[in-house]
Amino acid sequence: MLQFFRTYDPFRLLTVLFLLLLLRLPLLLNIFFSDIPLLSPVLDFMLIGERVADGNAIYKEVFAGIAPFSAWFYASLDTLFGRSAFGYAMVGSGVLFLQAIIFNTLLLRRDFLLDRGYIPAMLYVFFGSISFDYFNVSPVLLSLTFLLLVIREIVTLTENTHDQTLFTIGFYLGIATLFHLPSSIFLFWVSIGLGVFRSTSFRQHLLVLFGFIFPILLVALYFFWNESLIDFVIQYLNSISIAPTFYLSIQDFILVLAFPTLFLVLAILSMFSGRSLTNYQSYCRQMMIFWIIASVFSVFLCKYWLPFQFALFLPPVSFFGAYYLFSIQRKWIAELLFLSVLGGIALQLWATRTEIFYPINYSEVVIKKPSDFDLKNEKIWVFGNNHSYYIDNKPVTPYFDWNLTQNRIEKLNDYQALLLFYNQIEKEKPQFIIDKEKQLPPLFERIPLLSQKYTTKDSLIYELKK
């Protein structure tokens, strides 16, 4: 199989697509017929998209710590698929395959490697499927598409490159940041790349910086016109954190990431100890090492950790892994290693879903329907982080993100702020308010008119009076 993909034939990409679908088919069918366990972040993506698709302005009428382009993208997915886990999985698979094409084409055209073929694309789609949570289309995956375009522009730099290309590099990076704010860390990677591939003046660095800021300023101007600039800044910055939520234990992370990490380390060592490279290939190797470092810092800025947040490592894993396989002199050893990698990933993907080989505890992130609330198609407002109540119900009021909601409630210090808060709740009139955090009674004391509209039996679930 390795020799098959070492042939430079664009139609081999169809085989890559076929194997990607074959790899994911059992779980895709599981999603289609019985629905895969819905992960907490994925449900949030769906709910945000649903609210925005219903005409509610992000940040102004939907308080959520998410990048704007991701919110609008999920709104478009809601228009197409609604709350379909299968639709999200298919779009995620399509985005992954598109990225594999972009990256493999880049390697072929710029002679990154010692050989030509579609091994990098195969490694890209397989390592992009090491866990079932990779099936979902996440902000980091969307952002990575534009980061790959940044790589494409960076590695084509020469001393005669026009200023327009430098602006384009910054522009692509700005778009990536508007999908996933932690991607902004790659601005430092770009600065290093400018120094590696050409001598760059301070003015040219500023041109890249202007290209980076330009799309962000346009988006900020849009929110300024819609009288929500401050909300945009606060909530956009809320999409990063230096104290992330760990949905898996450290042991589970090690189990999921051990195999790709070991393969990456071996591949890097082989590149440093193998046959000599051209100067250009050495520069590319350096840039991929710096990419790994930038990816580590980017992951540390994420609000929560799940295996799919490590999708940023797919380019270096594919690059170094392809070089490793190309550099093995004995063809049968390379073939055996390649098949072992693909087979190992397929087994790991199934293991993360079924716990056949080793149990990985996804209980902290898998959404389960609450046992104390079996109503459907009701307008509800969850006062807290437990969004499982939204599974069969419709979220209302702008107060979606619990951290942002708490901050807003703490600032209800004057009559105007209380009136605005009351009007926002009264506008959509949630039929039920779920208060697992028991924070609603103090709020009712400050807004008696709101408390008069609801009744409760257990001080946990409040129902709108008839």
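Quick note: the coordinates plus some simple rules give every number you see, no bench work behind them. Only a predicted model underlies this, so the values are computations on that prediction, with no experimental measurement involved. All Cβ positions, even for glycine, are placed from backbone atoms using ideal geometry, and neighbour counts span all protein chains on display.
Observations, loosely collected:
- Net charge contributed by nearby residues that have their C-beta within less than 12 Å of residue 384 (K/R +1, D/E -1): -1
- Each peptide in 41-49, 315-323, 451-459 gets a packing score, the mean of other Cβ atoms within 10 Å over its residues, and the list from highest to lowest is 315-323, 41-49, 451-459.
- A simple rule links phi to the HN-Hα coupling: the Karplus curve 6.51 cos²θ - 1.76 cosθ + 1.60 with θ = phi - 60°, which for the range 164-171 gives 4, 5, 5, 5, 4, 4, x, 5 Hz, with x for Gly and Pro.
- If R0 equals 51 Å, the separation of the Cβ atoms of residue 420 and residue 366 corresponds to a calculated FRET efficiency of about 0.90.
- 12 Å reach of a label modelled at residue 452, 7 Å along Cα-to-Cβ, counting backbone N of the range 414-446: none
- A helix-only calculation puts the chain at -20000 deg cm²/dmol for mean residue ellipticity at 222 nm, using -39500 (n - 2.57) for each DSSP H run of at least four residues, averaged over all residues.
- Mean Cβ count within 10 Å, highest first, over the residues of peptides 119-129, 54-64: 119-129, 54-64
- Phi to ³J(HN,Hα) by Karplus 6.51 cos²θ - 1.76 cosθ + 1.60 over the range 370-378, Hz, x for Gly, Pro: x, 7, 9, 8, 10, 6, 10, 6, 9
- Taken along its three principal axes, the alpha carbon spread of the range 416-466 comes to 31, 23, 15 Å, from the longest extent down to the shortest.
- 3J(HN,Hα) along the range 437-451, derived from phi through the Karplus expression 6.51 cos²θ - 1.76 cosθ + 1.60 where θ = phi - 60°, amounts to 7, 6, 9, 6, x, x, 5, 4, 5, 7, 10, x, 4, 6, 5 Hz, with x in place of Gly and Pro.
- Close amide H partners of residue 59, meaning residues 5 or more places away or on another chain with modelled amide H under 5 Å apart, are 64.
- Look at the alpha carbon pairs under 8 Å that are at least 6 residues apart: their mean separation over the length of the range 142-263 gives a relative contact order of 27 percent.
- Taking every alpha-carbon pair under 8 Å whose residues sit at least 6 apart, the chain reaches a relative contact order of 19 percent.
- Placing dummy labels 7 Å off each Cα toward the beta-carbon, the span from residue 243 to residue 409 is 1.8 nm.
- Long-range amide H partners of residue 304 with built H, under 5 Å: 245
- Counting charges near residue 17 (Lys, Arg +1; Asp, Glu -1) among other residues having Cβ under 15 Å from its Cβ returns a value of +1.
- Among the listed pairs 303/429; 303/427; 379/438; 368/466; 60/457; 303/457, those with a Cα-Cα distance over 24 Å are 303/429; 303/427; 368/466; 60/457; 303/457.
- Largest-first principal axis extents, alpha carbons of the range 379-464, Å: 36, 25, 23
- Residue 217 versus residue 79: modelled label distance in nm, points set 7 Å from Cα along the beta carbon direction: 2.9 nm
- Counted by Cβ distance under 10 Å from residue 132, the other residues give a net charge of +1, where Lys and Arg count +1 and Asp and Glu count -1.
- Likely footprinting exposure, 51, 446, fewest C-beta neighbours within 10 Å first: 446, 51
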